[in-house]
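The values are calculated or read from the model by the stated rules, or taken from the named source; none is laboratory data. Source: prediction; values computed, not measured. Please note: Cβ atoms are built from the backbone with ideal geometry, for glycine as well, and neighbour counts cover all protein chains shown. To get the accessible areas, we keep the full protein, side chains included, count just its heavy atoms, and leave off ligands, DNA and RNA. Shrake-Rupley method; radii C 1.70, N 1.55, O 1.52, S 1.80 Å.
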Amino acid sequence: MRGHSLISSKKCTVRSEKQGLLKSLEATCNQCKACELNNTRHNAVFADGNPKTASVVLIGEAPGENEDLQGIPFVGRAGKLLNEFLNEAGLSREIDFYIINTVKCRPPKNRVPTEIEKEACRLFLISQIEIIEPRIILLCGATALKSFYKGKSTISKIRGEIFDVEIKGKKYPAMPIFHPSYLLRNHSTAEDSPRYLMLKDLKKVYLKIKLLDR
Ligand code: URA
């Protein structure tokens, strides 16, 4: 029993250290002026989810209009659709996920972030992964994929496949998935349609974090 309580009190200390690190990183992010996007943002959008319980880090592209106004990632139409898929796969956004973007500030008119903007934000992205130490990283859409996958493949070709991403000597399994904005334009749920495959991929995540690798 004594051993048990020592382990659980150590876990608590580690968790509160992680929260402290994330809080100070977020404060730095909110003040960040490393690229031009700080001139047009309403809010830097740092993260959503519970760093104490999350075992999945999901990385999107960049905040859209709603995210910029609320300061929370994936709260617009794409975010609502993402929530529906997570629920259908048995996953909880609030418990299992830590949701972030490649770039923390909204690019004007939702254009794709430039290389300069991605590079300016890279340290936040890498640090968030290092602090959370996820069991799996989901690369949601092409921008997130390109930040970690150096090959020429596209999301449609390698979604659902798991490969290792190495960050400061530590390997994390990573899986590309469709971006929910793409699914908003593709309504079919027929076998092998993007929506069908998204659910299949998220069920694979469910198996990985809830049943396997324990
Ligand atoms: N699309 C993204 O990639 N991220 C968001 O936060 C919202 C829409």
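Hey, among the residues in region 126-153 that are among the charged types (D, E, K, R) and in a loop (DSSP other than H, G, I, E, B), which one's surrounded by the most Cβ atoms within 10 Å (Cβ to Cβ)? This residue is 135. On the given criteria, is residue 168 touching a residue at least 24 places away in the same chain (Cβ under 8 Å), open to solvent by 30 Å² or more (accessible area, probe 1.4 Å), under 27 Å from residue 19 (Cα atoms) and more than 16 Å from the ligand (Cβ to nearest atom)? Yes. Beta carbons closer than 8 Å, at least 6 apart along the sequence or on distinct chains, pair a first residue in region 71-91 that is over 14 Å from residue 61 (Cβ atoms) and open to solvent by less than 40 Å² (accessible area, probe 1.4 Å) with a second that is in a loop (DSSP other than H, G, I, E, B) and not hydroxyl-bearing (Ser, Thr, Tyr) for 71/42; 71/43; 71/44; 71/45; 71/46.
The set of residues from region 191-214 being out of contact with any strand residue (DSSP E or B) (no Cβ under 9 Å at 6 or more places or on another chain) and either not in a loop (DSSP other than H, G, I, E, B) or not charged (D, E, K, R) (or both) comprises 193, 194, 195, 196, 199, 200, 203, 206, 207, 210, 211, 212. Among the residues of region 177-197, the one identified as open to solvent by 30 Å² or more (accessible area, probe 1.4 Å), within 14 Å of residue 140 (Cα to Cα) and aromatic (Phe, Trp, Tyr) is 182. Anything in region 73-109 that is within 8 Å of the ligand (Cβ to nearest atom) and either of a type in the set (A, V, I, L, M) or part of a helix (DSSP H, G or I) (or both)? List them, or say none. Across region 73-109, the qualifying residues are 75, 78, 79, 99. Of the residues 188, 181, the single one that is out of contact with any strand residue (DSSP E or B) (no Cβ under 6 Å at 6 or more places or on another chain) and part of a helix (DSSP H, G or I) is 181.
For residues in region 198-214 being more than 16 Å from the ligand (Cβ to nearest atom) and either touching a Phe, Trp or Tyr at 6+ places or on another chain (Cβ under 7 Å) or at pLDDT below 95 (or both), which is most open to solvent (accessible area, probe 1.4 Å)?
Ranking the qualifying residues of region 198-214, first place goes to 214.
Among the residues of region 147-162, those that are over 14 Å from the mean Cα position of the chain (by Cα) and within 16 Å of the ligand (Cβ to nearest atom) comprise 155, 159. Just checking, how many residues over region 9-48 are assigned to a loop (DSSP other than H, G, I, E, B) and either among the basic types (Lys, Arg) or surrounded by 13 or more Cβ atoms within 10 Å (Cβ to Cβ) (or both)? Number satisfying all stated conditions: 11. All of (1) outside any helix (DSSP H, G or I); (2) open to solvent by less than 70 Å² (accessible area, probe 1.4 Å); (3) more than 20 Å from residue 181 (Cβ to Cβ) hold for residue 59 with one exception: (3).
Within region 98-122, residues that are within 10 Å of residue 61 (Cβ to Cβ) have Cβ atoms under 9 Å from residues that are assigned to a strand (DSSP E or B) and among the aliphatic types (A, V, I, L, M) in these pairs: 101/59; 102/59, counting only partners at least 6 apart in sequence or on another chain. The single residue among 23, 52, 109, 18 that is among the charged types (D, E, K, R) and closer than 20 Å to residue 180 by Cβ turns out to be 109.
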